[in-house]
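Presented below is the structure to which this report refers.
Please treat every number below as a calculation from the coordinates, not as lab data. Note that this is a predicted model, so its numbers are computed, not measured. Neighbour counts are summed over all protein chains in view; Cβ atoms, including those assigned to glycine, are modelled from backbone coordinates with ideal geometry.
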Number of protein chains: 2
Amino acid sequence: MSLTDLGEFGLIGRIRKRFPAPEGVTGIGDDCAVIPQRSGQDTLVSTDMLVEGTHFLRDRVSPFQLGWKSAAVNLSDIAAMGGQPTATFLSVALPPDLEADWMGEFLRGYAEISARFGAALLGGDTTASPDRICINVTVLGECPAGAARLRSAAQAGDLVCVTSTLGDSAAGLKAILEGVETDADIQALINRHYLPLPRVAEGLRLAATPGVHAMMDISDGIGSDLRHILEASGVGAVIDVPALPLSPALQRTCARLGWDAAALATGGGEDYELLFTCTPEAEKMLDVPHTVIGTVTERRSRIEPGMTDIEWRGAEGPVAGFDHFKRQSPV
Amino acid sequence: MSLTDLGEFGLIGRIRKRFPAPEGVTGIGDDCAVIPQRSGQDTLVSTDMLVEGTHFLRDRVSPFQLGWKSAAVNLSDIAAMGGQPTATFLSVALPPDLEADWMGEFLRGYAEISARFGAALLGGDTTASPDRICINVTVLGECPAGAARLRSAAQAGDLVCVTSTLGDSAAGLKAILEGVETDADIQALINRHYLPLPRVAEGLRLAATPGVHAMMDISDGIGSDLRHILEASGVGAVIDVPALPLSPALQRTCARLGWDAAALATGGGEDYELLFTCTPEAEKMLDVPHTVIGTVTERRSRIEPGMTDIEWRGAEGPVAGFDHFKRQSPV
């Protein structure tokens, strides 16, 4: 059945059935969702758009994976503040000839990860697109008043840390784009690209730890993302490139295929790990698995405009970030 | 200057400069916006997507108008609940060769209507699109706990009312699509299409009036929108078609060009007026300009699936609504 046969309200009916509203909340089906507030909490909001041809290719990613990832990248923004996701809002623009099954699978992936992190789908928009699929998710979350970890809170003397490992998603993307034959390692890397796991529990624990200062999630690669923390905080950093945490799958794959693991770990995006700074004392107390990758420094007094105050120690080549209008690698 | 030259972070910098965050709020520039809550309030959230080729044609609508309308249709959803808009979040997918000036004009329109209704732009996403512009706005608002006017609250015996006049936007769209020569009336109709004014003040006053029950904004035409209220409330309605409020500009234009004013007023969308039901006693007390267009009835016991329980008295032809996957009229 095509979307034209199902109709807009048929589609909304299916979505509504799959995502019932929590008790006390007005969800899908009115002009707005109505969410009662808990006093003493701050509301967190973030939004992300995925466009076919820029962020994904319809024949490469399964609708389940795309639904999962659409929710995951947004939930990750709440994790990055140290918050608890509460609700999401999903807008989809779909070509009328798209199979209704495609959307069913998309919703299955979206529902699976949303349920895992306790986020209710409370509304959205369904509309037609002449050709490309376009997806926008807005996520709401909450945290105790004043507890959100901002990018601007890094202090000279802090350690720079990351959760888990870096570069897997970028290596998975590279494997997809280059058509590398799939083995267990390649499959693990591709899964990290298509089915990222936002670090919500880790973010909550980090935000509850005194001395954890700036925090963000890694979506564009630490080469780009760390720059945001440093600029917002008015500080610099020294990063120890050989200390970057690399998964065994990434190390084996890079050794086998001659790929540059450090370049993937610094320049590749979409890891959705947490990048944070904390005092050396706090670092000793952390109950979240992490790796120390460098140190926050005073900002060097003279730095050219557009240059970033990061010293990459032990790097063999230049380290780049990601700009959506300058470089594109869809999948 | 093209967007490629400006770069993603150049664009974000411009947006951030134009939309500074209100005191006490963390806006653009972190993973999430952080919005302190006022206890005793309900949070309202809605989201809407506009896709080039479905909702607008780039060579027909000015970027100022599109920016205005993108914000307006979302603010209207807050108005439809009887809430006060507080914040918006803007996602844009832009072709890299788009002139940066286009986006500047878009933001000027977006800023002008946002300021008029007190809504701060607190975040968003900027990304590349291979070809078509895609825009998604999420709006947050608030109202006293329990005060939001839902679609499900209509009661048999209520009067059905609308603010201002119907059909102007649809007539403006028709004039654009048919290339009708512009006179003062046509220009007024086109302005209603491109520069709609959300009825925020009216919605707040209506929600503060006891006896005002169901409320929504008219985006798809009352033929479709009223159906949502009736289905959500489990009631029917009788609408007096000759009572539908028509602007002098619409009446004159329809007389001159032989257009069907009633069809435009019932089947055409994007008026962004408020459609509401209230008790006859409440209607006498209203301090909001409005027109009574019919009555809510008990639901007829036997009604065919898919049929709507609306009796259109005095209608000369069939009355249709709008389904995004079935009929499209871009501009």
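When each of A:Asp183, B:Asp225 is scored by the number of other beta-carbon atoms lying within 10 Å, the sequence from fewest to most is A:Asp183, B:Asp225. For chain A, the alpha carbon positions stretch 61, 53, 37 Å along the principal axes, listed from largest to smallest. Highest mean packing first, where packing is the average number of other Cβ atoms within 10 Å per residue, the peptides B:7-18, A:268-279 line up as A:268-279, B:7-18. Rounded to the nearest 500, the 222 nm mean residue ellipticity of chain A from helices alone is -10500 deg cm²/dmol, with -39,500 (n - 2.57) taken per DSSP H run of at least 4 residues.
Take peptide A:35-42, look around each residue's Cβ out to 10 angstrom, count Cβ atoms belonging to other protein chains, and average those counts.
Working: counts 6, 6, 9, 2, 5, 3, 3, 8.
Taking all residues of A:35-42 together, the mean is 5.
Within the stretch B:135-262, the ratio Rg/Rh, alpha carbon atoms throughout and Rh by Kirkwood, equals 1.01. Between the Cα long axis of helix A:184-194 and the first principal axis of chain A there is an angle of about 70°, rounded to the nearest 10.
For the stretch B:253-300, the calculated P(r) over all alpha carbon pairs, in 5 Å bins from 0 to the bin holding the longest distance, is 4, 13, 20, 17, 17, 15, 7, 4, 0 percent. Computed on the Cα trace of the stretch B:97-157, the radius of gyration divided by the Kirkwood hydrodynamic radius gives Rg/Rh = 1.15.
Computed over chain B, relative contact order equals 23 percent, with contacts defined as Cα pairs under 8 Å that lie 6+ residues apart. Taking packing as the residue-averaged number of other Cβ atoms within 10 angstrom, the listed peptides A:64-74, B:71-81 run from highest to lowest as B:71-81, A:64-74.
Quantify how strongly other chains surround peptide A:21-33 by giving the mean number of their Cβ atoms within 10 Å of each of its Cβ atoms. Please report the intermediate quantities before stating the final value.
Numbers: counts 0, 0, 0, 0, 2, 7, 0, 0, 6, 16, 22, 19, 8.
Per-residue shielding by partner chains comes out at 6.
Other protein chain C-beta atoms within 10 Å of residue C-beta, averaged over B:72-80: 2. Inter-part distance, the stretch B:130-194 to the stretch A:139-204, computed on C-alpha centroids, equals 41 Å.
Show me A:229-240, B:196-207, B:136-147 ranked by packing, highest mean number of other Cβ atoms within 10 Å first.
Working: A:229-240: 19.7, B:196-207: 21.8, B:136-147: 23.5.
Going from most to least packed, we get B:136-147, B:196-207, A:229-240.
Where the alpha-carbon atoms of the protein assembly as shown are placed on the principal axes, they occupy 81, 49, 47 Å, in descending order.
Using only alpha carbon positions, build the gyration tensor of the stretch A:3-144, then give the equivalent ellipsoid semi-axes as the square roots of 5 times its eigenvalues, largest first, whole angstrom. Display every interim value, and only then the final one.
Numbers: eigenvalues 132, 60, 28 Å².
One finds semi-axes of 26, 17, 12 Å for the stretch A:3-144.
Count the lysine pairs in chain B that are 8 or more places apart or on different chains: how many have C-alpha atoms under 25 angstrom apart? Numbers along the way, then the final one.
Numbers: B:Lys17/B:Lys69; B:Lys69/B:Lys174; B:Lys69/B:Lys326; B:Lys174/B:Lys326.
Number of lysine pairs found: 4.
Summarising the strand pairing of chain A, around 75 percent of its internal DSSP beta bridges are antiparallel.
The alpha carbons of the stretch B:85-208 occupy a box of 56, 41, 24 Å along the principal axes, longest dimension given first. Look at where the Cα atoms of the stretch B:225-257 and of the stretch A:7-70 average out, and the two centres are 32 Å apart.
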